[in-house]
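Here the structure comes first, spelled out in structure tokens, and everything after it is commentary.
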Amino acid sequence: MFKNLLLDNLTIGILVLNQEFEVKYLNKYMKEILKQYFKNIDMKYFKISDTLKNKLGKLHLEVKECEIEIDKEKYIQIEFHDVSRLKNLEKDLEEKSKNKNKLVAMLDTVQEFIFYLDSEGRLEYYNKAYAEYLN
């Protein structure tokens, strides 16, 4: 019923459950995720709890759930998205922001005027001494 070549080749994990949480479909990526992170998981029944969502969040997997209806039967579709690249980018941006704040704090202690103009001559940055001079 859910056999689908397109779903099996996605780089997100897809899991479809019926209302009794019985597994109706797993794509290849979801099978890899479950085998990698959950050694003793029952592949016939699967329930997402808040504890499991938190655990998955720490593994850089974002969980999305939605209900679907096929032929008057309701199912739950669960998607696992690998967000490790986004987490690494966030961490990198946070580190750069900390470094920028440190640099600004140091430049604000200098009594000489420090300012930066962009390539079009617009004032991009100025230190505290220059700001006080300009009022």
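Computed from the coordinates by the stated procedures, all read-outs in this text should not be read as laboratory data. Note that the coordinates shown come from a computational prediction; the quantities given were computed from them, not determined experimentally. Here the Cβ is made from the backbone with ideal geometry for all residues, glycine too, and neighbour counts use every protein chain on show.
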Nearest-0.05 FRET efficiency for residue 92 and residue 115, computed from C-beta distance (R0 22 Å): 0.20
Estimated distance in nm for a label pair at residue 131 and residue 83, the labels positioned 7 Å out from Cα along Cα-to-Cβ: 3.4 nm
Say the cut-off is 30 Å between C-alpha atoms; which of 98/128; 31/74; 28/74; 64/102 go over it? 64/102
